[in-house]
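Down below is the structure, laid out as structure tokens.
The values are calculated or read from the model by the stated rules, or taken from the named source; none is laboratory data. Given the structure is predicted, the values throughout are model-derived calculations rather than measurements. Backbone-built Cβ (ideal geometry, glycine too); neighbour counts: all protein chains shown. These area figures cover heavy atoms from the full protein model, side chains too; ligands, DNA and RNA do not enter into them. Shrake-Rupley method; radii C 1.70, N 1.55, O 1.52, S 1.80 Å.
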Amino acid sequence: AISIRAQDIGDNQKMMAVDGDISSIAISPDGKQVAFISRGDVFVTSPEGKFTKQITNTPERENFVSFSTQGDSLIYAAQRQGQWGIYQTSKVRKAEPFFYAATLFKEVPLVTGEVDYYQPKMSPDGNKLAYVADRRELRVLDLKTQKDTTLVGRKDTIHMRDGDQNFNWSPDSKWIVFEYGRLLNNSDITLDRMST
């Protein structure tokens with residue numbers, strides 16, 4: 001018996017347009033790359049849209065994408081085995097300056113555990129990561145010491161849908177401003193100073 005193996009006659013890959021259905025978008029600090037979520041995966045494109053690279057290709061969903069302060073990594077929330085966690089993807093080869101033209105990536109978990117973690121926002125100095133834990137807690141992780149601090153507890157927030165906790169860093173990375181609402185009909189704006 002003779003068996004001859006041949007290449008498939010047709011290409012089994014399907015080209016899909018990445019236009020619309022975008023749930024999150026971020027611009028790199030240098031303005032030369034745009035990251036976004038489409039169909040639950042992370043993509044990065046050039047501002048002109050001529051080059052686009054799919055960064056994640058998982059059956060799980062990713063969301064809340066942003067660039068690191070230096071623009072050399074992507075930070076996002078991802079579902080892994082049914083649990084939201086915060087992950088970081090970096091380019092492996094330093095000779096490849098842009099994600100949309102890079103060939104190899106490495107994903108590492110930053111915050112994972114028994115509850116859901118999402119909405120990551122890195123401080124402008126790149127030393128701390130603010131995020132939402134268990135949908136109602138605002139926490140800050142010191143990336144150097146791995147010290148985790150809860151700024152706002154569950155009793156002080158209301159959760160209606162994923163991504164509804166509003167907060168942001170000050171330009172000097174010393175303060176976080178967030179929407180503080182214990183009641184549905186009224187919210188306050190609170191400013192919290194980060195200890196150094």
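Numbers for the structure displayed
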item: Whether region 50-164 is rounded, prolate or oblate, judged on the alpha carbon gyration tensor where a/c under 1.5 counts as rounded; result: prolate
item: Net dipole in debye of region 59-115 [+1 Lys, Arg Cβ; -1 Asp, Glu Cβ; about Cα centre; nearest 20]; result: 180
item: Ordering of 34-46, 85-97 by packing [mean C-beta count within 10 Å, highest first]; result: 34-46, 85-97
item: Charge dipole of region 1-132 about the Cα centre (unit charges at C-beta), most positive-ward option of GLN33, TYR76, THR58; result: GLN33
item: Solvent-accessible heavy-atom area per residue, rounded to whole Å², over region 25-84 at 1.4 Å; result: 47
item: VAL108 versus THR149: modelled label distance in nm, points set 7 Å from Cα along the beta carbon direction; result: 2.3
item: Rounded FRET efficiency, nearest 0.05, which uses the C-beta distance separating GLU60 from VAL92 and R0 of 22 Å; result: 0.50
item: Region 34-87: GluC sites (Glu not before Pro) in DSSP coil with no more than 10 other Cβ atoms inside 10 Å; result: GLU48
item: Inter-label distance, nm, simple model (7 Å from Cα along the C-beta direction), ILE4/THR52; result: 4.0
